[in-house]
1. Quick check on my filter: what residues within segment 14-28 are among the small types (Gly, Ala, Ser) and either touching a Leu at 6+ places or on another chain (Cβ under 9 Å) or modelled with pLDDT under 90 (or both)?
2. For segment 30-57, which positions are touching a Leu at 6+ places or on another chain (Cβ under 9 Å) and among the hydrophobic types (A, V, I, L, M, F, W, C)?
3. Would you confirm whether any residue within segment 24-34 is surrounded by fewer than 15 Cβ atoms within 10 Å (Cβ to Cβ) and at positive phi?
4. Picking from Ala14, Ala62, Ala45, which residue would you name as being out of contact with any Pro (no Cβ under 9 Å at 6 or more places or on another chain) and surrounded by 10 or more Cβ atoms within 10 Å (Cβ to Cβ)?
5. Somewhere in segment 29-42, is a residue in contact with a Gly (Cβ under 8 Å, 6 or more places away or on another chain) and touching a residue at least 24 places away in the same chain (Cβ under 8 Å)?
6. Which one of these does Ile46 not meet: (1) touching a residue at least 24 places away in the same chain (Cβ under 8 Å); (2) over 10 Å from the mean Cα position of the chain (by Cα); (3) not in a helix (DSSP H, G or I)?
7. Which ones in segment 1-33 are of a type in the set (A, V, I, L, M, F, W, C) and under 20 Å from Arg63 (Cβ atoms)?
Amino acid sequence: MKTFIADIHTHTGARGHAKDTMRAVCQSALKKWLKKIAITDHVPAIPGGPNVIYFMSLPRLARGIDLP
């Protein structure tokens, strides 16, 4: 059985085809004992991609997630 330590392709609800918040994605990763994740929401130029303001807000959003 393989043990995964990272998920390098996740999306948040900002993308349109996912539903979770950044916090929920992080909490799910913790439950799976993952050490790293990459949130890979698409750029605004792709249909359904989040607005550029979302990307400008990411550092602040990430700092606001208080996880154990």
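The values are calculated or read from the model by the stated rules, or taken from the named source; none is laboratory data. All values reported here derive from a predicted model rather than from experimental measurement. For neighbour counting, all protein chains shown are included, and Cβ atoms are generated from backbone atoms with ideal geometry for every residue, glycine included.
1. Within segment 14-28, Ala14, Gly16, Ala18, Ser28 meet the criteria.
2. Those that are touching a Leu at 6+ places or on another chain (Cβ under 9 Å) and among the hydrophobic types (A, V, I, L, M, F, W, C): Leu30, Ile39.
3. yes
4. Working: Ala14 fails: out of contact with any Pro (no Cβ under 9 Å at 6 or more places or on another chain); Ala45 fails: surrounded by 10 or more Cβ atoms within 10 Å (Cβ to Cβ).
Going through Ala14, Ala62, Ala45 in turn, the sole match is Ala62.
5. yes
6. The failed condition is (1).
7. Quick first cut of segment 1-33, residues of a type in the set (A, V, I, L, M, F, W, C) only: 1, 4-6, 8, 14, 18, 22, 24-26, 29-30, 33.
Ala14, Met22, Ala24, Val25, Cys26, Ala29, Leu30, listed by residue number.
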